[in-house]
Amino acid sequence: MDSLDLIQTFREVARRGSFSATARAQGVSPASVSKSIVQLETRFGLRLFNRTTRKVSLTDAGQLLFERSGALLELIDLTQGELHERATHPSGRLQLTAPHGLMQTDLPALLGQFLLQYPEVTLDLHVTDRVLNLVEEGIDLAFRVGPIDDANQIVRRLVPIDFVAAAAPAYWRAHGKPSHPRDLLTHAQLAHNLFGEAPRWHFSVQGKPLELPLQPRFAATSQMPLVTLALQGVGVLWGSRRALAPHFERGELEPALEAFSPTDIWLHAVYTQRRHNSAALRALLAHLDEFAQAFRHAEAGASSTG
């Protein structure tokens with residue numbers, strides 16, 4: 001019997017003033033109740049009850065325990081209720097992480113739709129290109145692009161990420177559109193790279209990967225300034241079609257080399273445990289699955305009419 005059960009038995013004896021009355025209420029033997037009290041007294045090293053053949057009464061130490069334990073048990077009952085609520089009803093706080101590049105996609109709006117659907121859930125989104133350790137950093141779910149190397153993590157594929165070269169129309173008119181990824185070596189490259197890493201662009205040419213080492217005119221650890229410079233006509237960037245779509249729709253940028261996008265780059269949802277996840281996390285995963293299914297249906301419809 002754990003300490004909470006012992007304290008609950010102790011409080012019942014104190015209220016009823018009798019081991020036998022407590023035993024009848026709990027459906028156990030008086031000897032079992034007596035054993036529980038002895039265990040508790042042994043743990044504290046103090047006598048909690050004055051005992052007679054007919055009645056028991058609290059000692060000074062027992063009175064202290066009775067006064068202090070009531071609030072403790074109420075708090076535990078309240079906490080158990082809240083934990084049950086978190087397990088069965090989407091509520092509470094989720095810690096998420098995503099790279100900067102996804103902030104220019106529809107991911108923020110997708111999370112906003114989730115919050116509207118589940119008003120009792122709160123999200124903390126840590127935006128960083130650093131790959132966080134989910135356990136050490138206390139992250140419930142990570143959005144990641146590209147291959148996931150950690151076999152201890154649970155990975156859900158959401159949507160494929162298509163890449164395109166993009167530049168301002170005036171830039172393409174002045175320098176010509178490339179027909180092959182290697183043509184980009186003669187262009188002003190606007191490259192995203194992590195600090196200390198040599199910038200490279202990855203392509204797929206006739207089903208085979210092609211890695212293009214760069215000597216960029218401008219490099220940054222975030223995609224955002226690259227888009228600004230591309231809009232100014234400074235050079236070419238290689239980025240996600242999904243993130244650049246608004247600029248294509250407005251005619252501010254023009255895509256190129258669409259046929260050379262890698263075919264194995266996906267947006268993933270990554271988390272650490274399959275069992276005993278909160279209702280909020282389960283609801284978010286279901287929300288993401290619905291988004292992925294809607295995307296696949298839209299892509300299939302576009303392919304059938306194309």
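Extension gain for the segment residue 39 to residue 217, taken as residue separation times 0.36 nm less the Cα-Cα distance, is 56.5 nm to one decimal.
Taking Cβ atoms as reference points and 13 Å as the exclusive limit, the residues near residue 37 contribute a net charge of +3, counting Lys and Arg as +1 and Asp and Glu as -1. The percentage of C-alpha pairs in the chain whose separation is greater than 31 Å is 53%. Volume per residue of the convex hull around the Cα atoms, evaluated for segment 58-165, comes out as 163 Å³.
FRET efficiency for the residue 149 to residue 79 pair, using the beta carbon distance and R₀ = 30 Å, is estimated at 0.20.
For residue 55, a cut-off of 24 angstrom between C-alpha atoms picks up these lysines, skipping any fewer than 8 places away in its own chain: 35. When only alpha carbons are used to place a centre, segment 240-283 and segment 1-66 end up 61 Å from one another.
Give, as a single signed number, the net charge of other residues whose beta carbon lies under 15 Å from the beta carbon of residue 127, with Lys and Arg counted +1 and Asp and Glu -1. Here the charged neighbours net out to -1. Taking a point 7 Å from the Cα of residue 185 along the Cα-to-Cβ direction, the residues of segment 198-212 with backbone N closer than 11 Å to it are 212. Here the Debye sum runs over all C-alpha atoms of segment 90-232 as equal scatterers in vacuum, and log10 of I(q)/I(0) at q = 0.17 Å⁻¹ comes out as -1.11. Taking amide H positions as modeled 1.01 Å from N, with prolines and chain starts lacking one, the residues under 5 Å from residue 266 and 5 or more places away or on another chain are 146, 161. Projected over every direction and averaged, the convex hull enclosing the alpha-carbon atoms of segment 163-260 yields 5.8 nm². Put in line by how crowded their Cβ is, counting other Cβ atoms within 10 Å and starting with the fewest, 154, 7, 76 read 76, 154, 7.
Geometric descriptor of segment 3-88, per residue, is 99 Å³ (volume of the convex hull of the Cα atoms). Using a 7 Å offset from the Cα along the Cα-to-Cβ direction at both residue 46 and residue 174, what is the distance between the two label points in nm, to one decimal? It works out to 8.4 nm between the two label points.
With both labels modelled 7 Å from their Cα along Cα-to-Cβ, the residue 285 to residue 252 distance reads 3.8 nm.
Computed extension length for residue 276-residue 198: 23.9 nm, one decimal, from 0.36 nm per residue of separation with the Cα-Cα distance subtracted.
Model label sites at residue 162 and residue 120, defined 7 Å from Cα along the beta-carbon direction, differ in position by 4.1 nm.
The numbers here are math on the coordinates, done by the rules we state, and not lab data. Keep in mind that what you see is a predicted model, and the values were worked out from it rather than measured. Backbone-built Cβ (ideal geometry, glycine too); neighbour counts: all protein chains shown.
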